[in-house]
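One structure is given here, and the rest of the page talks about it.
The values are calculated or read from the model by the stated rules, or taken from the named source; none is laboratory data. These numbers were taken from a predicted model, which means no experiment stands behind them. For neighbour counting, all protein chains shown are included, and Cβ atoms are generated from backbone atoms with ideal geometry for every residue, glycine included. Ligands, DNA and RNA are excluded from the accessible area calculation, which covers all protein heavy atoms including side chains. Shrake-Rupley method; radii C 1.70, N 1.55, O 1.52, S 1.80 Å.
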Amino acid sequence: MGPTVRDGAIVYDRLASLSDLPVGLTDEQAGGRYRLSRREDGAFFGYVVGPQSWKRFLHPPFLTLWKAKRAAAGFELEPGANGEAAYALVGVRACELAAIAIQDRVMLGGPFGDPGYKRRREAAFLVAVNCGQAGGTCFCVSMKSGPRVSGGFDLALTEILEGEHRFLVEVGSERGAEIAAELPTRPASEPDVAAACAPVARAEAQMGRHVETDGLKELLYRHYESPHWDEVAKRCLACANCTMVCPTCFCTSVEDVTDLTGGRASRQRRWDSCFSVDFSYIHGGSVRGSAGARYRQWLTHKLGTWYDQFGSSGCVGCGRCITWCPVGIDITEEVAALRQREAGGR
C-alpha cells in the first residue's frame, strides 16, 4: 500500500507499479484548503500528507468482531471474517511513524491489548520516507516527531533530486536488511549523505505552523472552564473531520446487528468520534452536550490528558486536522489564543 492519486487528493491504496505513485505532484495546504499542483521535477514523494493515515490499515474503520448463527441448541459463534492481510506500507513519513508508535501504546499497552491490532502491526512492513518539504499546516518540529525519521521502520528512503535522481536507503530491521540485500544498491558516499541531509533540513526550516509545548498540559487544565471554548464552538461544525483524519485518534463504537429472521447476528466495531453527541451518551443524556465541550474534550485530551493515560502527547504535528477542517479551525492558533488569554489575565 502506498500513495496514489484519487478524487483530487493523494490517498493510500494498493500499488501495482511505480506509475501508481504521485510522480511530479505536490500538495498545497492551508486551513480548510487542499490542492494538488504540478512540480517541476519527477519526484516520487514530493508531497506531504493527504487526508488518510496508515491507521486505516492497522486500526480499520470497520471491523466485524464476531458472528453468530442460530442452531438447534442455541447459537454458534464464528470469528469475524475481515480478510486481514500482511501489508507493506510504502511512503510512511516521520510524523506517521510517531503516530503508529502512539497507537501501539494505546492498542497494545496495559493488560487489555487489541489482538487484531497486534497481528496486523507485527505483519506490517514499513518503508519510511524522509520529508523533503513541509506543508503549510505542518508543525512536526514543535512536536519533535519529524521531519527526519528516527526509528520504527524497516527501510527508510531519502529522495535526492539534485544531480542524479536517486535514493539513500537506511536499514532499520532484520526484515529490512533482507529486502535491501536484494536491491541493486551501492554504498553511499559522503556526497550522497550530504545531499540527503539537505532536503530534510529544508523541510525543517519550512514548517508552516508552530506550537509552544512547554507547560501545555497545565495550561489546558487551568483553562478547562475558559469561555474560549464557546468561542470556538461558534465556528466548529462538530463534523468530526479532525478526528477522522487524525492518525492517532482511536475512538470506536460497538453495535450488535441481526438479520430480519433473527437467525444471524454480528457484533461490529466502527470508528467513532468524541464530536458526536451520542458518543458520550449515558442514561439521562450526553455528558458533553455542547460543541464547545466536545472541542475542549478533543483538544485537551490530545495535548493534555493523553500524557496521563499514555505518557506522551496524542499529537504528532501532521496538520491534517487544520487542513481538513471545513472552517479552518487551527489547533496551533487555539493553543496560542489560550496563552494570550492567560497573559491578559482572562
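Near the amide H of residue 238, within less than 5 Å, lie no amide hydrogens of residues on another chain or at least 5 residues away, with H placed in the peptide plane. A 1.4 Å probe run over the protein chains yields, for the chain, 49 Å² of accessible area per residue, whole-number rounding.
Note on residue 23 and residue 308: the extension gain reaches 98.4 nm, defined as 0.36 nm multiplied by sequence separation minus the Cα-Cα distance. For the chain, the carbon plus sulfur part of the accessible surface works out to 54%, probe radius 1.4 Å.
As a rough guide to protection, the peptides 287-296, 153-162, 171-180 ranked by mean Cβ packing within 10 Å, highest first, stand as 153-162, 287-296, 171-180.
Across region 53-68, computed HN-Hα scalar couplings (Karplus, 6.51 cos²θ - 1.76 cosθ + 1.60, θ = phi - 60°) run 10, 5, 4, 5, 8, 8, 10, x, x, 9, 8, 8, 6, 7, 10, 9 Hz from first to last residue, x flagging Gly and Pro.
For residue 67, the accessible surface of its heavy atoms amounts to roughly 80 Å² (probe 1.4 Å, protein chains only, rounded to the nearest 10).
Over the chain, dividing the summed -39,500 (n - 2.57) contributions of all DSSP H runs of at least 4 residues by the number of residues returns a 222 nm mean residue ellipticity of -8000 deg cm²/dmol.
Straight-line reach from residue 118: which lysines have a Cα under 20 Å away, not including same-chain ones fewer than 8 places off? The reachable lysines, counting only those whose Cα sits under 20 Å from residue 118, are 55. Backbone geometry of region 157-169 corresponds, through the Karplus equation with coefficients 6.51, -1.76 and 1.60 at θ = phi - 60°, to 3J(HN,Hα) couplings of 10, 10, 7, 10, 9, 6, x, 5, 6, 8, 10, 8, 10 Hz, x marking Gly and Pro.
Stretching residue 40 away from residue 178 to a fully extended chain increases their span by 46.2 nm, per 0.36 nm per residue minus the current alpha-carbon distance. Screening the chain for whole DSSP H helices of 15 Å or more along their axis (Cα) with average Kyte-Doolittle hydropathy at least -0.5 returns 94-108, 190-205, 331-343.
Its relative contact order, with pairs defined as Cα atoms under 8 Å and 6+ residues apart, puts region 1-137 at 24 percent.
Modelled spin-label separation between residue 336 and residue 239, with each label point placed 7 Å from Cα along the Cα-to-Cβ direction: 2.3 nm. Ordered from highest to lowest accessible area with the whole protein assembly present and a 1.4 Å probe, 120, 56 read as 56, 120. Note on residue 112 and residue 77: with the Förster distance fixed at 30 Å, the Cβ-Cβ geometry gives a FRET efficiency of about 0.90.
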